[in-house]
Amino acid sequence: MLLNHELAQEIVDKTMKIIKINVNIFDDKGYIIGSGQKERLNTFHEGAYEVIGTGLSDEFPVEKAKKYKGVQPGILYPIEFNNKIIGVVGMTGDPEEIRNYGALVKMTTEMMFRQDFLTKQLRAEKNARDNYIKDIILGQFGSDLDSFIERGRNFEIDVLLERQAVVIDLVSGQNNRSLLSSELERQIHSDEILRILEYQFSHKENLIVYMGSGRYVVLKRVDDKQRSKAAFIKSMNELSNKLGEHNFNAVIGIGSTQIHWLNLKASFVEACDAIKIGMKVNDEAKVFHIQDLLLEKGLDTMDDNIKSSLITSFLANAEHIDAKQRQEMEKTLTALFDSNLNVSEAAKKLFLHRNSLTYRLKKLSESTGLDPLSFYDAVEIYTALILSRLK
């Protein structure tokens, strides 16, 4: 690992804020790559080159400095990392006056370089782990499955466990912090979202990754204690609310549980479909489970012309209804179907008296020729309602 200009200049700038003395940093060839004297950047320093060769610090009073190419009075110290000389750090000035700062400058330089190295190493390891999780999600296993499994063990990931995919998509909305344009702000907010997800999915065998474009995916470990779909949907609604408290507007899709890890891509696709279809049929909901949308998913695969034909067929007698009446009709039918055709419960949802809803349903039946309280007619009306939303 070699020093580069960006890191060297950062070290110089931070060090000079403390000691108020010009600092130079040299690469392993003796060239200045960071300096408080910008005009000296990329120039060769013969004294630094010698320090790299000997591995020993050296002082350059005025007379001695004149004998070397590119050298000003000062002191030079080798920069050591993993028992190797990777560069040189120097201070400009009378050695007698600046000598007391030498140990501090050398230690600060090596400490900052070590911290930068560890940060980059951790980031590289995280990127490699994230890429492995993405490979699972996208079904990119390569030809050697045993090697892929072993690769997972290196990341402490057991791919053989039963899991299901959960997709969290950030969507546009007022005050949605995820839509800020600054790359730094997006990274900060992404880290914040990941922290929230890591808290929600705290089990060590849950795999969490950011896929880009505002999409996060969790491959959730499933065991016998986590089989309740209703309880899981409730917890995902709580997650959506938690994200909302931090001004992140998100919708969540849940795929089916997969016993075999090779099928997790199918669960991921289902979770994506759940969001796409769910937002069409219920734009007020935030969480969608694919198992609750199987009919809608089947209807969504129909050709648009067939959808239009079926809608026309089901609602042939309702062509005279205007847009406002259609909106009221759809709201009424949605409440009725969400209440399992229970008129009293639907009336409460609509803030209507039961008799008022009964009258409205009677008028609707007269308009369409279909009785929403009759099972078979209700099926036709519900199908037409879903098709119109999907289309």
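The values are calculated or read from the model by the stated rules, or taken from the named source; none is laboratory data. Source: prediction; values computed, not measured. Heads up, the Cβs are rebuilt from the backbone with ideal geometry, glycines too, and the neighbour counts pull from every protein chain shown.
Test Lys229 against the stated conditions and say whether it is more than 23 Å from the chain's Cα centre (by Cα), surrounded by fewer than 14 Cβ atoms within 10 Å (Cβ to Cβ) and either free of Cβ contacts under 8 Å to residues at least 60 places away in the same chain or in the same structural domain as Phe288 (by TED's automatic domain parsing) (or both). Spelling it out, Lys229 is indeed more than 23 Å from the chain's Cα centre (by Cα), surrounded by fewer than 14 Cβ atoms within 10 Å (Cβ to Cβ) and either free of Cβ contacts under 8 Å to residues at least 60 places away in the same chain or in the same structural domain as Phe288 (by TED's automatic domain parsing) (or both). Checking each residue in region 275-305 for being in contact (Cβ under 8 Å) with a residue 40 or more places away in the chain, in a helix (DSSP H, G or I) and closer than 20 Å to Ile252 by Cβ picks out Ile275, Ile277, Lys280, Val281, Gln291, Glu296, Asp300.
Just one of Ser356, Ser344, Ser308 is assigned to a helix (DSSP H, G or I), surrounded by fewer than 15 Cβ atoms within 10 Å (Cβ to Cβ) and in contact (Cβ under 8 Å) with a residue 24 or more places away in the chain; which is it?
Criteria check complete, one pass: Ser308.
Is it fair to say Ala266 is surrounded by 22 or more Cβ atoms within 10 Å (Cβ to Cβ) and either aliphatic (A, V, I, L, M) or more than 14 Å from Val218 (Cβ to Cβ) (or both)? In short, no.
Restricting attention to region 213-267, the residues that are in contact with an Asp or Glu (Cβ under 6 Å, 6 or more places away or on another chain), assigned to a loop (DSSP other than H, G, I, E, B) and within 20 Å of Asp135 (Cβ to Cβ) total 1.
Within region 165-175, one or more residues are part of a strand (DSSP E or B), modelled with pLDDT under 95, closer than 30 Å to Lys265 by Cα and in contact with a Leu (Cβ under 9 Å, 6 or more places away or on another chain). When Met329, Met302, Met279 are screened for being surrounded by 14 or more Cβ atoms within 10 Å (Cβ to Cβ), aliphatic (A, V, I, L, M) and over 33 Å from the mean Cα position of the chain (by Cα), only Met329 passes.
The criterion of at least 1 residues that are closer than 29 Å to Tyr210 by Cα is met by the following helices (runs of 4 or more DSSP H) wholly inside region 70-160: 102-138, 145-154.
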